[in-house]
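Worksheet for the structure shown next.
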Amino acid sequence: MRKRWLIIISTFLSLAIVFSVIFLFSLNSKQIVYNPKDPPILELESRKSFNFFWKEANTDKNSKGYGLIRDRAPGNPEISSIASVGFGLTAIAIGAERKWVPYDEAYERVSRTLDTLLNNVSQENGFFYHFVNIDTGRRAWNSEISIIDTSILLCGAITAGEYFGGEIKDKAEQLYKRVNWQWFVDPNKNQFYMAYTPEKGFAGHWDFYAEQLMMYFLSVASPTYPTNPQMFYDFQRHFAAYDGGKRFIHSWFGSIFTYQFSFAWFDLRNMVDKKGVDWWENSIIAIESNRKFCIDNKNKFKTFGENSWGVTACDGPKGYNGKYGAPPSGYDNTQHYVDGTVPPSGAAGSIVFLPKESIAALEYYYKNFPQLWGEYGFKDAYNLDVSPPWFDKDVIGIDKGISLLMIENYRTGFVWKYFMKNQYVQKGIKEVGFREK
């Protein structure tokens, strides 16, 4: 009898070990766990946003611009934006993981897109022009060399490299290593310039908080052209609050995207910098303030309300406006602009910070405004305060991108999981001085 029990106990322990190994392996495998209870709007918007990056790309394999992705659709079909390509490289990894497209096709698209970026697209010292021709890869509209758009591109390439591995990771690293970050630094201020054009040279400085956190992490870890980690602490941190609420470090125009973009890739939860700033919590306060501003002004603007919020740079009735935002802004709350325009990406890109409120907004848009829904999910923006009410005809790549990436991070943490594995990403965060709370 005793022998029988020993056999049973031994068998049980063996099975327990086997299942434990299987479980631990599954945690480290590529398999992402999906929640069947996710609201249907998240799958709808994600899948259609992905379709923008997959379909609105140059797929002519004989073209020098193969893989470049349009800045917007259906408008300006000949123009690609480098930031849209960056979001797109991450989007394709998401699409492959979710089996929205065959893995082999996704791998080839990303690999050949990186070839295009390495060999054909206009650049200076590793930095890319903001806008390029989608067929030739050449500079478009006399646009500027953009450090932030190049950084977004690199984040996308790094994510794809970590997910697909192999030659894609090698090409992504080549792209990263050739960026001469030191060229874009004003040594007199220890700040990055904002832009460069061959005609006028450098212009502006990243001297105020915005979406640029990614630039410091990427640049200090560069194995070829590293920058001084102190740069992260040499832009102005201006604290203010909305309507007596919590104080936070705000951006100049108060646009909600500035509190989102870097966090689409960099997982800074439960971390603080050397001065004790929790940038994740800072974004939560900023987004809560933006939403409260919209609620407080719902009697002034018909578009605004508890389920219609997230004022940020987007299309408006009079065209694209980068000054859309909410207070606090500038030094005296006079720099933001509002006219009732709301983009769905404002709430969608906030889902990791305010999930309940963001989902409620997306469901509200979907149920109440069929004019706001199209081939690629939510169109860029709408405004009920003009006559007749205005609904955008276009979608914009960066707005589809922040929506897709943040929804995926909320659902599975996919982007954070792969991007944060990168050795340079880890090094950059550490060298800037971030630590666990």
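The values are calculated or read from the model by the stated rules, or taken from the named source; none is laboratory data. Note that the coordinates shown come from a computational prediction; the quantities given were computed from them, not determined experimentally. With ideal geometry, Cβ positions are generated from the backbone for all residues, glycine too; neighbour counts draw on all protein chains shown. These area figures cover heavy atoms from the full protein model, side chains too; ligands, DNA and RNA do not enter into them. Shrake-Rupley method; radii C 1.70, N 1.55, O 1.52, S 1.80 Å.
Below, the figures for the structure above:
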item: Tabulated pairs, the range 139-163, first basic (Lys, Arg), second open to solvent by less than 10 Å² (accessible area, probe 1.4 Å) and in a strand (DSSP E or B), C-beta under 9 angstrom, 6+ apart or interchain; result: Arg139/Val132; Arg139/Ile145
item: Matching option when the condition is in contact (Cβ under 8 Å) with a residue 60 or more places away in the chain, farther than 23 Å from Ser262 by Cβ and either open to solvent by less than 20 Å² (accessible area, probe 1.4 Å) or among the basic types (Lys, Arg) (or both), among Val101, Val132; result: Val132
item: Residue list for the range 284-301, filter: closer than 18 Å to Glu363 by Cα and either of a type outside the set (A, V, I, L, M) or open to solvent by 50 Å² or more (accessible area, probe 1.4 Å) (or both); result: Arg291, Cys294
item: Residue count, the range 246-283 (criterion: outside any helix (DSSP H, G or I) and under 18 Å from Arg435 (Cβ atoms)); result: 13
item: Residue within the range 126-137 that is within 22 Å of the chain's Cα centre (by Cα) and of a type in the set (D, E, K, R) present; result: no
item: Single unsatisfied condition, Glu211 versus (1) open to solvent by 10 Å² or more (accessible area, probe 1.4 Å); (2) assigned to a helix (DSSP H, G or I); result: (2)
item: Residues of the range 150-183 satisfying the condition of being open to solvent by less than 10 Å² (accessible area, probe 1.4 Å) and outside any helix (DSSP H, G or I); result: Val179
item: Residue match in the range 141-149 (condition: open to solvent by less than 10 Å² (accessible area, probe 1.4 Å), within 30 Å of Ser63 (Cα to Cα), of a type in the set (S, T, N, Q) and part of a helix (DSSP H, G or I)); result: no
item: Flag for Gln236 being closer than 14 Å to Phe208 by Cβ, open to solvent by 10 Å² or more (accessible area, probe 1.4 Å) and modelled with pLDDT of 95 or more; result: yes
item: Residue within the range 58-79 that is at pLDDT 95 or above, within 24 Å of Gly413 (Cα to Cα) and either open to solvent by 10 Å² or more (accessible area, probe 1.4 Å) or among the aliphatic types (A, V, I, L, M) (or both) present; result: no
item: Hey, Glu199 open to solvent by 50 Å² or more (accessible area, probe 1.4 Å), touching a Ser or Thr at 6+ places or on another chain (Cβ under 9 Å) and not aromatic (Phe, Trp, Tyr) or not; result: no
item: Flag if Arg237 is in contact (Cβ under 8 Å) with a residue 24 or more places away in the chain and more than 27 Å from Lys393 (Cβ to Cβ); result: yes
item: Any hit, the range 184-196, residues being in a helix (DSSP H, G or I), surrounded by 15 or more Cβ atoms within 10 Å (Cβ to Cβ) and in contact with a Pro (Cβ under 9 Å, 6 or more places away or on another chain); result: no
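One line per residue, one yes/no per condition, for (1) in a helix (DSSP H, G or I); (2) more than 19 Å from the chain's Cα centre (by Cα); (3) of a type in the set (Gly, Ala, Ser):
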position	(1), (2), (3)
Leu42	yes, no, no
Lys48	yes, no, no
Phe52	yes, no, no
Asp60	no, yes, no
Tyr66	no, yes, no
Gly86	yes, no, yes
Ala91	yes, no, yes
Ile94	yes, no, no
Ala106	yes, yes, yes
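Residue-wise test of (1) surrounded by 24 or more Cβ atoms within 10 Å (Cβ to Cβ); (2) touching a helix residue (DSSP H, G or I) at 6+ places or on another chain (Cβ under 6 Å).
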residue	(1), (2)
Lys323	no, no
Asn333	no, no
Val338	no, no
Thr341	yes, no
Gly346	yes, yes
Lys367	no, no
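The rows are residues; the columns are (1) outside any helix (DSSP H, G or I); (2) within 25 Å of Pro223 (Cβ to Cβ); (3) open to solvent by 10 Å² or more (accessible area, probe 1.4 Å); (4) of a type outside the set (Gly, Ala, Ser).
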site: Lys393; (1), (2), (3), (4): yes, no, yes, yes
site: Leu404; (1), (2), (3), (4): no, no, no, yes
site: Glu408; (1), (2), (3), (4): no, no, no, yes
site: Val415; (1), (2), (3), (4): no, yes, no, yes
site: Gln426; (1), (2), (3), (4): no, yes, yes, yes
